[in-house]
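Below is one structure; the comments refer to it alone.
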Amino acid sequence: MFFLTPGLDLKLFLLVNQQWRNALFDLIMPVLSSMTMLFVCLGLAMIFAAYRFGRRQIILFLILFMAMGIANSATDVVKGEVGRVRPLNAVAGTFHQAHGHWDQRPQDFEQTKERGTSYPSAHAANTMCLAVLICLLWPALGKWPLLLPLLVGYSRLYVGKHYPTDVLAGWLLGLAVAMTVWLVWRYGLRRYSSRF
């Protein structure tokens, strides 16, 4: 499937990636884009929650991990069908990280790849799925977890990996997976967790 980049999509990407840059964001955004860091934080949170509130918390965290796996697999399916090339491989002047340091595509850069894995953003899907389920499973936390997919989505533009529509599609996919998993949990599986 051929994917044309809408003009507004490209303009927003260029604003975030090439114009709204600063030294602080150069440090923070790669960390926000790190799934390794996210899973380390989730693992530590699971250990703390199980210690503080009981073993049932492990089940809730397993639901989070399972749902994120579903969201990630769903994005892989769509990526394979769409084949949109990432902006760092398509747009001249794009800032991106290479081997731990920032680099920039030259102004005469030309796209050579015909297919890529830009649409939708798996990071956006995974973090939206995670944030929505956290809000539903631990309502006392309020809506604060929803900041995570917003920050991660912005970081994906900043590091040159995605266009805004990639992120938006990832958010919508993650939301759909989260709501489906929540409904299955609430109306089908929750009663079995009381035995744990």
Restricted to region 9-27 and to residues being assigned to a helix (DSSP H, G or I) and without any contact (Cβ under 8 Å) to a residue 24 or more places away in the chain, the residue nearest to Gly100 (Cα to Cα) is Leu27
Inspect all residues belonging to region 125-135 and state whether any of them is surrounded by fewer than 19 Cβ atoms within 10 Å (Cβ to Cβ) and either in contact with a His (Cβ under 8 Å, 6 or more places away or on another chain) or not β-branched (Val, Ile, Thr) (or both). yes
Residue match in region 57-66 (condition: over 16 Å from Leu133 (Cβ atoms) and either in contact (Cβ under 8 Å) with a residue 12 or more places away in the chain or touching a Leu at 6+ places or on another chain (Cβ under 8 Å) (or both)): no
Leading residue by the ranking (surrounded by the fewest Cβ atoms within 10 Å (Cβ to Cβ)) among those in region 1-59 that are within 27 Å of His162 (Cα to Cα) and of a type in the set (Ser, Thr, Tyr): Thr36
Give all pairs with beta carbons closer than 7 Å in which a residue from region 142-163 that is among the basic types (Lys, Arg) meets a residue that is surrounded by 19 or more Cβ atoms within 10 Å (Cβ to Cβ); count only pairs at least 6 apart in sequence or on separate chains. Arg156/Ser33; Arg156/Ser121; Arg156/His123; Arg156/Ala124; Arg156/His162; Arg156/Val167; Lys161/Arg86; Lys161/Leu88
If I filter region 137-188 down to residues being farther than 15 Å from Tyr119 by Cα and touching a His at 6+ places or on another chain (Cβ under 7 Å), which single residue comes out as surrounded by the fewest Cβ atoms within 10 Å (Cβ to Cβ)? Val159
I need the full set of residues from region 32-41 which are touching a residue at least 60 places away in the same chain (Cβ under 8 Å) and assigned to a helix (DSSP H, G or I), in order please. Leu32, Met35, Leu38
Going through region 88-104 in order, the residues found to be in a loop (DSSP other than H, G, I, E, B) and either without any contact (Cβ under 8 Å) to a residue 24 or more places away in the chain or on the phi > 0 side of the Ramachandran plot (or both) are Ala92, Gly93, His99, Gly100
One residue is enough: does region 110-123 have a residue meeting the conditions closer than 30 Å to Ala45 by Cα and in a helix (DSSP H, G or I)? yes
So Val85 passes all but one of these: (1) assigned to a helix (DSSP H, G or I); (2) surrounded by 19 or more Cβ atoms within 10 Å (Cβ to Cβ). Which condition number does it fail? (1)
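Only the coordinates and a few stated rules stand behind these numbers; no lab work does. Since the structure is predicted, the reported quantities are computational estimates derived from the model, not experimental observations. FYI the Cβ positions are ideal-geometry reconstructions off the backbone, even for glycines, and counts take in every protein chain you see.
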